[in-house]
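First comes the structure, then the notes that go with it.
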Amino acid sequence: MAGIYIHIPFCKHKCNYCNFYSLASTRYMDQVADAIIAELIQRKNYLEGQIVETIYFGGGTPSIIETSGIERILDAIFNNCLVGPGAEITLEANPDDLTPAKLNALKKAGINRLSIGIQSFRQEDLVFLSRTHSSEQVTQCIADAKHAGFHNLTIDLIYGIPTLTDEGWNENLQKAFSFGIPHISAYSLTVEDKTPLEFMIRKGKLKPVDENLSLSHFHILCRMMREHGYEHYEVSNFCLPGAYSRHNTAYWQGKHYLGLGPSAHSFNGISRSWNVANLANYIETATGGEVKSEQELLNTTTQLNEYIMTSLRTMWGCDLVEVKRKFGEEIAENLLLDALAFIESKQMIYQQGKLVLTPEGMLFADGISAQLFGDEE
């Protein structure tokens, strides 16, 4: 199984907290599909004939471009790759793009899963985050998406927003549950360097993010998800039984994927590569015959550490049988010994040969993983 990720870098507006590669511009918008198709044709052998089970349009805001561009990219993928029957085909979208006409066009183009960047159902939170959609558009777009036949939905929510109280967060979650949305991604608001949010907080124009508020919201999140039958299957992801994001789960399980578009990453088990994060340069090099990119060969220790980091983020945990098979018995034994401190502190459990973080451990997943990493060669 393999996946394909397509990065569409355009946005109507650059949100104040975002540090992804995206552009609040329409320049080159009519050229990007051709460049992505050109790159696909150049690199179609990257996955070595593996069946493509997931296709994911991310960004940026992929819903901003003409649906004809999405359709042409999908046609090129189906014509150049082995796409499995029932492949999950996801498109990220903002509520203000999802008109009934747009939704019907996306459905016709082959999109079968929508990831909607709602962030909050509350207007004051949306204003704080400088989102371009309103709370009314949020509820309307969900209803319209369902009417158009999109039942495989996921939404993004953000917690820890200074305008969001515990009660408000509770209301946000109850609203999501009321729509019967099968998959919810929930992220703590982080203040990234060199973003407008960081600048405005530093200048005292916006309230700072309170870590204690984020912690309280996380506990509310975990409790309410359990009460409503959602599985906490990854640090930031929850779903009703069986409604996992197949694409993102493949990332966490170390499956191979091809990334197309500016700044897109690819992974084939032994190396990782990433395209130039410059749209004009990307289009020029993609249409000229070879995309400008960089590559990192992954040594054994790096492969081990990546497995520890990604597997511990999930409810399936780090499989020591798999570690033994790939990296040797001594490394598996040492990993278990190093994990004992986290087992004793109840941040981790050891069951059926796997190390699995508890809900409390999930809060510190990155730090715990780093302490279990093998030493670089």
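The values are calculated or read from the model by the stated rules, or taken from the named source; none is laboratory data. Note that the structure is a prediction, hence the values are computed from the model and not measured. Cβ: placed from backbone, ideal geometry, glycine included. Neighbour counts: every protein chain shown.
Numbers below:
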read-out: Top-ranked residue of the range 38-75 - restricted to ones that are surrounded by fewer than 23 Cβ atoms within 10 Å (Cβ to Cβ) and among the charged types (D, E, K, R), ranked as nearest to the chain's Cα centre (by Cα); value: E53
read-out: Considering residues of the range 201-225 that are farther than 16 Å from T165 by Cα and surrounded by fewer than 17 Cβ atoms within 10 Å (Cβ to Cβ) only, the residue nearest to the chain's Cα centre (by Cα); value: R223
read-out: Boolean, E39 is farther than 19 Å from A105 by Cβ and assigned to a helix (DSSP H, G or I); value: yes
read-out: Some residue of the range 69-77 being in the same structural domain as H183 (by TED's automatic domain parsing) and touching a residue at least 60 places away in the same chain (Cβ under 8 Å); value: yes
read-out: Failed item, numbered, when H265 is tested on (1) at pLDDT below 95; (2) under 15 Å from the mean Cα position of the chain (by Cα); value: (1)
read-out: Some residue of the range 329-344 being at positive phi, surrounded by fewer than 18 Cβ atoms within 10 Å (Cβ to Cβ) and of a type outside the set (S, T, N, Q); value: no
read-out: Yes/no for I116 being modelled with pLDDT of 95 or more and either closer than 28 Å to N16 by Cα or charged (D, E, K, R) (or both); value: yes
read-out: Residue list for the range 157-211, restricted to those being of a type in the set (F, W, Y) and within 28 Å of R246 (Cα to Cα); value: Y159, W169, F177, F179, Y187
read-out: The one condition in (1) free of Cβ contacts under 8 Å to residues at least 60 places away in the same chain; (2) in contact with a Pro (Cβ under 6 Å, 6 or more places away or on another chain); (3) of a type outside the set (G, A, S) that C318 fails to fulfil; value: (2)
read-out: Contacts under 9 angstrom Cβ, first residue in the range 145-162 being free of Cβ contacts under 8 Å to residues at least 60 places away in the same chain, partner of a type in the set (D, E, K, R) and assigned to a strand (DSSP E or B), 6 or more apart; value: F150/R113; L153/R113; D156/E92
read-out: Test: K255 is among the charged types (D, E, K, R) and surrounded by fewer than 17 Cβ atoms within 10 Å (Cβ to Cβ); value: no
read-out: Tabulated pairs, the range 88-102, first assigned by TED's automatic domain parsing to the domain that holds P62, second of a type in the set (D, E) and at pLDDT 95 or above, C-beta under 6 angstrom, 6+ apart or interchain; value: P100/D144
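Quick grid of which residues meet (1) of a type in the set (G, A, S); (2) free of Cβ contacts under 8 Å to residues at least 12 places away in the same chain; (3) assigned to a strand (DSSP E or B); (4) farther than 24 Å from E231 by Cα:
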{"residue": "Y350", "(1), (2), (3), (4)": "no, no, yes, no"}
{"residue": "L355", "(1), (2), (3), (4)": "no, no, yes, no"}
{"residue": "E360", "(1), (2), (3), (4)": "no, no, no, no"}
{"residue": "D366", "(1), (2), (3), (4)": "no, no, no, no"}
{"residue": "D375", "(1), (2), (3), (4)": "no, no, no, yes"}
